[in-house]
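What follows is a single structure, written as structure tokens, with notes after it.
Quick note: the coordinates plus some simple rules give every number you see, no bench work behind them. Note that the structure is a prediction, hence the values are computed from the model and not measured. Cβ placement follows ideal geometry from the backbone for every residue including glycine, while neighbour counts extend to all protein chains displayed.
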Amino acid sequence: PLTRIGLAGLAVMGQNLALNIADKGFPISVYNRTTSKVDETVERAKEEGNLPLYGFHDPEAFVKSIQKPRVIIMLVKAGAPVDQTIKALSAYLEKGDCIIDGGNEWYENTERREKEVAELGLLYLGMGVSGGEEGARRGPSMMPGGSIEAYKYIEDILLKVAAQVPDSGPCVTYIGKGGSGNFVKMIHNGIEYGDMQLIAEAYDVLKSVGKLTNEELQSAFTEWNKGELLSFLIEITADIFGIKDDKGDGYLVDKVLDKTGMKGTGKWTVQQAAELSVAAPTIEASLDARFLSGLKDERVEAAKIFKSGGFSDILTDQHVDKKQLIDDVRKALYAAKICSYAQGMNLIRAKSVEKGWGLELGELARIWKGGCIIRAIFLDRIKQAYDRNANLANLLVDPEFAKEIIDRQSAWRRVKGKVAG
Ligand code: 2AM
């Protein structure tokens, strides 16, 4: 019997998404250039309960095993590998079949490919998938853009495979035409850069100025995660403070090298901000922080010079009321988060106007509520703000958000005072 859908590219995301689709009862064919990954995936499908997943070592047999109109999701490295995979598969695809790129692809590449495959009579979707390994397996947030006809073919699958959030539904919706799904996923990642940098700075203030221990940091973040900041990233941050190093004494967080890399979507977001003349200072500062983070050796040398100059003493020799500082940092973090999301939404709106995509910002907040890395209770408030006024010029001028910012202004300024001297 023929399968319902195919998936090509069985690295971490592909393998887990394929298993998720099979787990929801949709028979799936899978293929990967390196065939050992096909066998590995078939093995996992057996172990996880004889899921209806069928492996193929040959692209032709793979394509022909899928019912028509065929739908194939690709999860291969962005760039040339996507073009090569399209070439390998389209040799056997027929008019009306559909290819979906589930990777973090630059949106203009998707628009080019949509045109190229249209010449062969094929439909195309560029679909952002967020949630990492766990999300892909249990329920990701998905952002499909491109052919609405192709979306309709697989809507039933996507609605079941996506993360399910009580009261707001499955975390997937048709985003819009062309490369809009990839663009929205890119901005999602830019917002994620902002969230992570804000958390890192909150940690730094509490640790350097407040001299909180890891136990105190854990209890602060655990408390925060019960209120307006409730989110996946705050939750895993709280958890990490409790983890002991398995190679000796002390905490893991104090042994982690403070040096990070990046894969490109943050940089693209900042480039787009410049192209569109949209201010995105929080997201830009997060990207800058990653550049600086990468310069570990230079920073170690610089720290010696500034230490001998007593520079850091100004920061650390302040009298602090810990309880007040924790409360102030919580409010500052929330206020800054509102600003960061406002920037991300402004970027999406500016692009939507330029391209005529007609994107619905409230819907995007809804599908980010589950599955993805930036999932947070706070997204409900963003959805409500756009429900109140779909043409809101900026999240900050929504009456509710404006009030929240004003209420937190003094706390925010006190935190700024602590680090600016
Ligand atoms: P591989 O296992 O054969 O390397 C992430 O790297 C995924 O993209 C893997 O499934 C990888 O396949 C696939 N990939 C990378 N480059 C590719 C290419 N040029 N053609 C097909 N698949 C590719």
Spelling out what I want: for every residue of the range 63-74, take phi, set θ = phi - 60°, compute 6.51 cos²θ - 1.76 cosθ + 1.60 (Karplus), and round to whole Hz; glycine and proline get x. 4, 6, 7, 9, 5, 8, x, 6, 10, 10, 8, 9
Amide hydrogen neighbours beyond the local backbone of G55, cut-off 5 Å, H modeled: V30
When the convex hull of the C-alpha atoms of the range 123-250 is computed, what volume per residue in Å³ does it have? 136 Å³
Relative to a virtual label point 7 Å from the Cα of I148 in the Cα→beta-carbon direction, which members of the range 160-187 show backbone nitrogen distances below 14 Å? 174-178
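Determine, for Y153, Y251, the number of other Cβ atoms within 10 Å of each Cβ, and report the residues in order from fewest to most.
Arranged by neighbour count, lowest to highest, Y153, Y251 become Y251, Y153.
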For the range 99-112, just list the computed ³J(HN,Hα) in residue order, Karplus coefficients 6.51, -1.76 and 1.60, θ = phi - 60°, integers in Hz, with x standing in for Gly and Pro. 10, 10, 9, x, x, 8, 8, 5, 4, 6, 5, 4, 5, 5
With the calculation restricted to Cα positions, what are the radius of gyration and Dmax of the chain in angstrom? 23.3, 75
Long-range amide H partners of K177, meaning residues 5 or more apart or on another chain whose placed amide H is closer than 5 Å, are G146
When C98, C339, C171 are arranged by how many other beta-carbons sit within 10 Å of their Cβ, fewest first, they go C339, C98, C171
Given N residues in the range 92-198, what is Rg(Cα) / (2.2 N^0.38 Å)? 1.10
In sequence order, calculated HN-Hα J values of the range 391-405 (Karplus, 6.51, -1.76, 1.60; Hz; x Gly/Pro): 9, 3, 5, 7, 3, 5, 9, 4, x, 5, 5, 4, 5, 4, 5
Helix-derived mean residue ellipticity, 222 nm - over the chain, DSSP H n ≥ 4, -39500 (n - 2.57), to 500: -18000 deg cm²/dmol
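Could you give the semi-axes, largest first, of the ellipsoid that matches the range 260-330, computed as the square roots of 5 times the alpha carbon gyration tensor eigenvalues and rounded to whole Å?
Largest first, the range 260-330 gives 31, 21, 11 Å.
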Here, the range 79-137 modelled as identical Cα point scatterers in vacuum has Debye log10 I(q)/I(0) at q = 0.24 Å⁻¹ of -0.98
Placed amide H near R33: partners under 5 Å, 5+ positions off or other chain: G9, L10
Can you give me the Rg/Rh ratio for the range 190-420, using Cα atoms for both radii and the Kirkwood formula for Rh? 0.98
How do D327, D398, D258 rank when sorted from fewest to most other Cβ atoms within 10 Å of their own Cβ? D258, D327, D398
Report the semi-axes of the equivalent ellipsoid for the range 280-373 in whole Å, largest first, where each axis is √(5λ) for an eigenvalue λ of the Cα gyration tensor. 37, 20, 11
In whole angstrom, and with the biggest value first, how far do the Cα coordinates of the range 5-178 range along each principal axis? 41, 41, 27
Acute angle (nearest 10 degrees) that the helix 322-355 long axis makes with the longest principal axis of the chain, alpha-carbon atoms: 40 degrees
Using 32 Å as the Cα-Cα cut-off, could you pick out the over-long pairs in K37/K185; K247/K331; K296/K337; K37/K355? K247/K331; K37/K355
Label-point separation, H57 to A91 (7 Å along Cα→Cβ), nm: 1.7 nm
